[in-house]
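J.: There's a structure below that I have some questions on.
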Amino acid sequence: MRFTLLTTLVAFTAVACGGEKKSAASQAEAATPAPTAEPAGAVVEVKMTGNGTSQASFEPNKLTIKTGTTVRFINVSGGPHNVAFYGDSVPKGGADALKKGMPNPMGDLTGPFLTQPNEKYDVSFAGAPAGVYKGYCMPHVALGMHITITVQ
Ligand SMILES: [Cu+2]
């Protein structure tokens, strides 16, 4: 005996759940402007340059600083530029220090794009453990726009 069991019971249960309401108030916090006060410690300037097509670099692209120094990145030419650090390159505790020292991040250890001429971005190395911090510029990483910061 053969039984042909035909159970094509397709149940489309369209459950309309309208219970997720997100408050718009939480988005207002992101618009807080960065403080313009000068940093307390030493400031070292790094220029971000480029010709808009084939060349882009940090100048200098290697520097040695002391813990507590602020590195000021300046958009000189060929922007937009930014500075981001490789999380797996920094010494232990370095990522936590950078998270505090990098205002308005776009992502993990990733500074915002600088689009205006002479726009500046300060990265504070306050509390940063000694070691080597390797960074790059997101728009120009393919052009080799890297930086190595050694904290002593
Ligand atoms: Cu760049």
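Coordinate-derived values only; no laboratory data. What you see is a predicted model; the values in this text were computed from it and never measured. Here the Cβ is made from the backbone with ideal geometry for all residues, glycine too, and neighbour counts use every protein chain on show.
J.: Count the net charge of all other residues whose Cβ sits under 13 Å from the Cβ of Phe73, scoring Lys and Arg as +1 and Asp and Glu as -1.
T.: Net charge in that neighbourhood comes out at -1.
J.: Let me ask you something else. Between beta-carbons, use under 13 Å as the cut-off and find the net charge around Ala128, counting Lys and Arg +1, Asp and Glu -1.
T.: Within the 13 Å Cβ shell, the charges total +3.
J.: Counting other beta carbons within 10 Å of each Cβ, put His81, His140, His146 in order, fewest first.
T.: Result, fewest neighbours first: His146, His140, His81.
J.: Holding the Cα-Cα limit at 18 Å, pick out from Lys47/Lys92; Lys47/Lys99; Lys62/Lys99; Lys62/Lys134 the pairs that are longer than that. If you can, show how the numbers build up before the last one.
T.: Working: Lys47/Lys92 27 Å; Lys47/Lys99 22 Å; Lys62/Lys99 21 Å; Lys62/Lys134 9 Å.
Beyond 18 Å between Cα atoms: Lys47/Lys92; Lys47/Lys99; Lys62/Lys99.
J.: When DSSP beta bridges are limited to those with both residues in the range 41-151, what percentage is antiparallel, rounded to the nearest 5?
T.: So the antiparallel bridges amount to about 65 percent of the total.
J.: Give a quick list of trypsin sites (Lys or Arg not before Pro) in the range 36-121 that DSSP marks as loop, anything other than H, G, I, E or B, with at most 10 other Cβ atoms within 10 Å.
T.: Counting only loop positions with at most 10 other Cβ atoms within 10 Å, the trypsin sites (Lys or Arg not before Pro) in the range 36-121 are Lys92.
J.: Further question on the same structure: Using Cβ contacts closer than 10 Å as the measure, can you line up Glu45, Glu38 from fewest to most?
T.: The fewest-first ordering by Cβ neighbours comes to Glu38, Glu45.
J.: Treating only the Cβ atoms of Lys and Arg (+1) and Asp and Glu (-1) as charged, compute the dipole magnitude of the range 41-151 about its Cα centre; round to the nearest 20 debye.
T.: My answer is approximately 200 debye.
J.: Next question, about the same structure. With an 8 Å cut-off on Cα pairs and a minimum separation of 6 or more residues, tell me the relative contact order of the range 41-151 in percent.
T.: On the way: 275 pairs, mean separation 37.6, N = 111.
Computed value for the range 41-151: 34 percent relative contact order.
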